Amino acid sequence: MTDTTVDALILDLLEHVAREERRYDDVIETWHTSCPKLPVWEEANERGLIARTRVNGHALVQITASGLPFLSSTGGCYVTPHLL
């Protein structure tokens, strides 16, 4: 799997998270993989593009301030950014 493929999938993940508030359990169920060739969740975390946080007692996944430039530089679009 190429970096370009992983970057494209990370963009999909960031768009998914940026569209609306996302609960951690929902995001991890959709995006976590044990496939070493497709480390989308892990790579996005390692790059600091997304982070898990607690809001009103709920674990949420939010795009970070570092994630927004990645999202916009790759042509991604979003509705409402949920920033850390």
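The values are calculated or read from the model by the stated rules, or taken from the named source; none is laboratory data. All figures in this text were calculated on a predicted structure; none of them were measured in a lab. Note: ideal-geometry Cβ built from the backbone for every residue, glycine included; neighbour counts use all protein chains shown. Ligands, DNA and RNA are stripped out before the accessible areas are found, and what is left, the full protein with its side chains, is counted by its heavy atoms. Shrake-Rupley method; radii C 1.70, N 1.55, O 1.52, S 1.80 Å.
Tabulated values for the structure
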quantity	calculated
Any hit, the range 8-20, residues being of a type in the set (A, V, I, L, M), open to solvent by less than 50 Å² (accessible area, probe 1.4 Å), modelled with pLDDT of 85 or more and in contact with an Asp or Glu (Cβ under 7 Å, 6 or more places away or on another chain)	yes
Residue match in the range 27-37 (condition: in contact with a His (Cβ under 8 Å, 6 or more places away or on another chain) and modelled with pLDDT under 85)	yes
Complete set of residues in the range 40-80 that are modelled with pLDDT under 85 and open to solvent by 50 Å² or more (accessible area, probe 1.4 Å)	72, 73, 74, 75, 77, 78, 79, 80
Neighbours by Cβ (under 8 Å, 6+ apart or cross-chain): first from the range 52-68, closer than 16 Å to residue 40 by Cβ and without any contact (Cβ under 8 Å) to a residue 60 or more places away in the chain; second assigned to a strand (DSSP E or B) and among the acidic types (Asp, Glu)	none
